[in-house]
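To start, the structure under review is shown below, and the notes come after it.
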Amino acid sequence: AQKVTQAQTEISVVEKEDVTLDCVYETRDTTYYLFWYKQPPSGELVFLIRRNSFDEQNEISGRYSWNFQKSTSSFNFTITASQVVDSAVYFCALSVPGANNLFFGTGTRLTVIP
Amino acid sequence: DGGITQSPKYLFRKEGQNVTLSCEQNLNHDAMYWYRQDPGQGLRLIYYSQIVNDFQKGDIAEGYSVSREKKESFPLTVTSAQKNPTAFYLCASSIDSFYGYTFGSGTRLTVV
């Protein structure tokens with residue numbers, strides 16, 4: 001069975017602080033993808049990143065970075081120098097071959113206070 | 001621009017009525033999905049379709065029905081049998097779920 005856990009339900013930070021959103025996953029498949037999506041107040045889920053199980057290289061995109069560690073089954077997301085526009089709900093998700101589904105965590109609501 | 005269009009954005013329904021949510025995509029994706037989102041519960045799969053004229057139940061299909069007569073369209077009907085229909089509904093499409101989804105902007109359904 002597949003499972004994604006986002007233990008942080010809500011996080012508040014002051015603008016310009018760094019913040020890390022945690023994601024822990026469970027799967028017995030050796031081939032899988034991990035995702036992060038952003039859901040702003042408008043409701044649409046916006047794709048941020050996809051990482052396959054064979055690529056543990058960390059990735060940086062502007063103020064966003066992702067740390068993938070298979071040893072701890074984690075795929076954490078860090079926002080550097082947070083901004084008010086980063087306020088949203090962030091979802092981590094997992095896909096495995098043939099499942100016809102993305103397995104989502106329950107999301108972390110991030111509030112950036114000006 | 002390619003994308004997924006969901007309509008309406010807000011929908012109000014009286015108890016006992018059926019209501020249909022629209023989802024249209026112009027991404028030429030074969031697969032389409034409906035998810036339900038409730039506060040604090042993440043996204044749960046209602047139905048999915050991998051090809052025209054075929055669809056499968058997801059984890060919470062009871063009280064819902066779908067059709068897939070065209071590749072571009074995957075409407076969801078919330079029937080009166082759905083006991084707690086108030087929620088946010090998201091439609092998605094993909095080449096294959098393994099590679100991730102493109103999502104629509106959602107429909108918020110409220111039963112009054």
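The values are calculated or read from the model by the stated rules, or taken from the named source; none is laboratory data. None of these values were measured; they are calculated from a predicted model. Using ideal geometry, Cβ is built from the backbone for each residue, glycine included, and neighbour counts are taken over all protein chains shown.
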I'd like to know if the range A:83-93 contains one or more residues that are within 11 Å of chain B (Cβ to nearest Cβ) and either more than 24 Å from B:Tyr10 (Cα to Cα) or free of Cβ contacts under 8 Å to residues at least 40 places away in the same chain (or both).
yes
* Does A:Glu44 satisfy being more than 14 Å from chain B (Cβ to nearest Cβ), surrounded by fewer than 21 Cβ atoms within 10 Å (Cβ to Cβ) and either touching a residue at least 60 places away in the same chain (Cβ under 8 Å) or outside any strand (DSSP E or B) (or both)? -> no
Within the range A:7-32, residues facing another protein chain (nearest Cβ under 10 Å) and crowded, with 19+ Cβ neighbours inside 10 Å come out as A:Tyr32
Per the filter on the range A:94-114, residues away from chain B (no Cβ under 14 Å) and hydroxyl-bearing (Ser, Thr, Tyr) are A:Thr111
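Can you pull out every residue in the range A:53-67 that is in contact with a strand residue (DSSP E or B) (Cβ under 9 Å, 6 or more places away or on another chain) and either part of a loop (DSSP other than H, G, I, E, B) or under 16 Å from A:Lys3 (Cα atoms) (or both)?
Matches in the range A:53-67: A:Ser53, A:Asp55, A:Glu56, A:Gln57, A:Asn58, A:Arg63.
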Looking across the range A:70-114 at residues that are part of a strand (DSSP E or B) and more than 13 Å from the chain's Cα centre (by Cα), the single one that is surrounded by the fewest Cβ atoms within 10 Å (Cβ to Cβ) is A:Ile113
Exception for B:Tyr33 within (1) in contact (Cβ under 8 Å) with a residue 24 or more places away in the chain; (2) among the hydroxyl-bearing types (Ser, Thr, Tyr); (3) more than 19 Å from A:Gly43 (Cβ to Cβ) falls at (3)
query: Hey, does the range B:57-64 have a residue that's among the hydroxyl-bearing types (Ser, Thr, Tyr) and either touching a residue at least 24 places away in the same chain (Cβ under 8 Å) or in contact with a Phe, Trp or Tyr (Cβ under 7 Å, 6 or more places away or on another chain) (or both)?
result: yes
Q | Any chance A:Phe75 is within 14 Å of chain B (Cβ to nearest Cβ) and either out of contact with any Leu (no Cβ under 6 Å at 6 or more places or on another chain) or modelled with pLDDT of 95 or more (or both) | A | yes
